[in-house]
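Colleague: Could you have a look at this structure, given as structure tokens, before my questions?
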Amino acid sequence: MFVTTLLMFLIISTVWKRDVFLAFLFVAIFGFVELSYFGACLAKAHKGGWFPLVVSAVVVSLMSAWHYGESKRHAFELENKVSLDSLLSLGTARVPEICLVCSHVTSVVPPMFAHFVTNFPAFHQILIFVTVHSLMIPKVPVIDRFHVSRIGSPDVPLFWCIVRYGYKDIGDNYKFETQLIEKITEFLKCELNSKEMVILEQSLPGAKTQRRKEPRLQCLQEASEDVNELMKAKEAGVTYMMGHTWVIAREASCILKKLVINYVYGFLRRNSRCPATSLGIPHSALIEVGMVYRV
């Protein structure tokens, strides 16, 4: 509890932007109470004061095991990243829909998607890799919530989207899809504007007007085709793809690591809330890819 009180000093002073004196006053009052309680437990450990100490030790152990398992899982995903070009070179079939591939990693293709494509060589026409970040602020404005970028060649409709939520933001699946599609449409229009600027800069002052218009008309046609393709894929349906992973310690690992990863961390993951539930994803639109991580 005292550690939480110390962390509240940072929350009050940096996140809530309150006066440092107010944060110090909070820590002084609650810290005195908690340290007094801790000292009383130590003084009467032989008369039953050991019980809250044991409970605290168990809670700290569970939190440490969860943090250790999550760090190992994240490290496995970064170490086993797959090149997107190698997946596209498989000549896979395309399904006329939008697929939102949800993962915890950014800027790399998650291993579960590579596992899915390798065993089932087909994916959706438009792929959007989505990474959700939880920020230490109450709410994130809608205009700053989505950050969209393109992956690979402009000829392939692949996008990367980082979604940022505050701890008071309430997720709405329908609004999320609508806002994401609108943001990608704006991104395509911004790409069109940047292409037009490049064409205008590269045009010679003495060039004919008709020659200047031809590249611009071609860019307009390509942008309209991209937007139309996006709208048609949205009408066909939106599918979510998430990984359903099992984290297992390697055979050469020590007994303590196997105990923490296979039993403690595995128990916590099985009893934790499913990410699809927290994001409000409908069960009918969800694809879960099973995969075993040996860390």
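The values are calculated or read from the model by the stated rules, or taken from the named source; none is laboratory data. Because the structure is predicted, anything quoted here is derived from the model rather than measured. Quick reminder, even Gly has a Cβ in these numbers, built from the backbone with ideal geometry, and neighbours come from all protein chains shown.
Colleague: With A43, A28 as the choices, which residue is modelled with pLDDT of 85 or more and aliphatic (A, V, I, L, M)?
Modeller: Details: A43 fails: modelled with pLDDT of 85 or more.
Exactly one of A43, A28 is modelled with pLDDT of 85 or more and aliphatic (A, V, I, L, M), namely A28.
Colleague: Hey, F30 hits all of (1) within 27 Å of K168 (Cβ to Cβ); (2) out of contact with any Ser or Thr (no Cβ under 6 Å at 6 or more places or on another chain); (3) surrounded by 11 or more Cβ atoms within 10 Å (Cβ to Cβ) but one; which does it fall short on?
Modeller: Here F30 meets the rest and fails (2).
Colleague: Considering only the stretch 1-15, state which residues are within 20 Å of Y167 (Cβ to Cβ) and either in contact with a helix residue (DSSP H, G or I) (Cβ under 7 Å, 6 or more places away or on another chain) or not in a helix (DSSP H, G or I) (or both).
Modeller: So the first thing to find is which residues in the stretch 1-15 are within 20 Å of Y167 (Cβ to Cβ), and the list is 3-15.
Within the stretch 1-15, T5, L6, M8, F9, I12, S13 meet the criteria.
Colleague: Find the helices (runs of 4 or more DSSP H) located wholly in the stretch 240-295 whose residues include 1 or more that are of a type outside the set (S, T, Y) and within 29 Å of C99 (Cβ to Cβ), and list them.
Modeller: Answer list for the stretch 240-295: 266-270, 275-278.
Colleague: So A75 fits all but one of (1) farther than 25 Å from T118 by Cα; (2) at pLDDT 85 or above; what number is the exception?
Modeller: Result: A75 passes all but (1).
Colleague: Suppose we filter the stretch 108-121 for residues that are surrounded by 14 or more Cβ atoms within 10 Å (Cβ to Cβ), touching a Leu at 6+ places or on another chain (Cβ under 7 Å) and in a loop (DSSP other than H, G, I, E, B); how many remain?
Modeller: Count: 1.
Colleague: Return the residues of the stretch 16-56 that are outside any helix (DSSP H, G or I) and either of a type in the set (S, T, Y) or within 29 Å of V264 (Cα to Cα) (or both); say none if nothing qualifies. Even if it seems obvious, please write down each step before you answer.
Modeller: So the first thing to find is which residues in the stretch 16-56 are outside any helix (DSSP H, G or I), and the list is 16-19, 44, 48-49.
If the condition is that a residue be outside any helix (DSSP H, G or I) and either of a type in the set (S, T, Y) or within 29 Å of V264 (Cα to Cα) (or both), then G48, G49 are the ones that fit.
Colleague: What's the number of the only condition in (1) β-branched (V, I, T); (2) within 30 Å of V289 (Cβ to Cβ); (3) in a helix (DSSP H, G or I) that V59 fails to meet?
Modeller: With respect to (1) β-branched (V, I, T); (2) within 30 Å of V289 (Cβ to Cβ); (3) in a helix (DSSP H, G or I), V59 is out only on (2).
Colleague: From G290, G206, G266, grab the single residue that is out of contact with any helix residue (DSSP H, G or I) (no Cβ under 7 Å at 6 or more places or on another chain) and modelled with pLDDT of 85 or more. Steps first, please.
Modeller: On the way: G290 fails: modelled with pLDDT of 85 or more; G206 fails: modelled with pLDDT of 85 or more.
Result: G266 is the single residue among G290, G206, G266 that is out of contact with any helix residue (DSSP H, G or I) (no Cβ under 7 Å at 6 or more places or on another chain) and modelled with pLDDT of 85 or more.
Colleague: Would you say C274 is modelled with pLDDT of 85 or more, of a type outside the set (S, T, N, Q), within 28 Å of V58 (Cβ to Cβ) and out of contact with any His (no Cβ under 7 Å at 6 or more places or on another chain)? Spell out how you get there, then give the answer.
Modeller: Numbers: modelled with pLDDT of 85 or more: no; of a type outside the set (S, T, N, Q): yes; within 28 Å of V58 (Cβ to Cβ): yes; out of contact with any His (no Cβ under 7 Å at 6 or more places or on another chain): yes.
The answer is no for C274.
Colleague: Being of a type in the set (K, R), touching a residue at least 60 places away in the same chain (Cβ under 8 Å), out of contact with any Phe, Trp or Tyr (no Cβ under 9 Å at 6 or more places or on another chain) and loosely packed, with under 15 Cβ neighbours inside 10 Å, is that true of even one residue in the stretch 229-243?
Modeller: Checked against the condition, which is being of a type in the set (K, R), touching a residue at least 60 places away in the same chain (Cβ under 8 Å), out of contact with any Phe, Trp or Tyr (no Cβ under 9 Å at 6 or more places or on another chain) and loosely packed, with under 15 Cβ neighbours inside 10 Å, the stretch 229-243 yields at least one hit.
Colleague: If you don't mind, another one. In the list V105, V95, V156, V140, which residue meets the criterion of being within 19 Å of Y240 (Cα to Cα) and either part of a loop (DSSP other than H, G, I, E, B) or modelled with pLDDT of 80 or more (or both)? I'd like the intermediate steps shown before the answer.
Modeller: On the way: V95 fails: either part of a loop (DSSP other than H, G, I, E, B) or modelled with pLDDT of 80 or more (or both); V156 fails: within 19 Å of Y240 (Cα to Cα); V140 fails: within 19 Å of Y240 (Cα to Cα).
None of the other options fit; the residue is V105.
Colleague: Which condition breaks for W66 when tested against (1) at pLDDT below 80; (2) surrounded by 12 or more Cβ atoms within 10 Å (Cβ to Cβ); (3) under 26 Å from V264 (Cα atoms)?
Modeller: (1)
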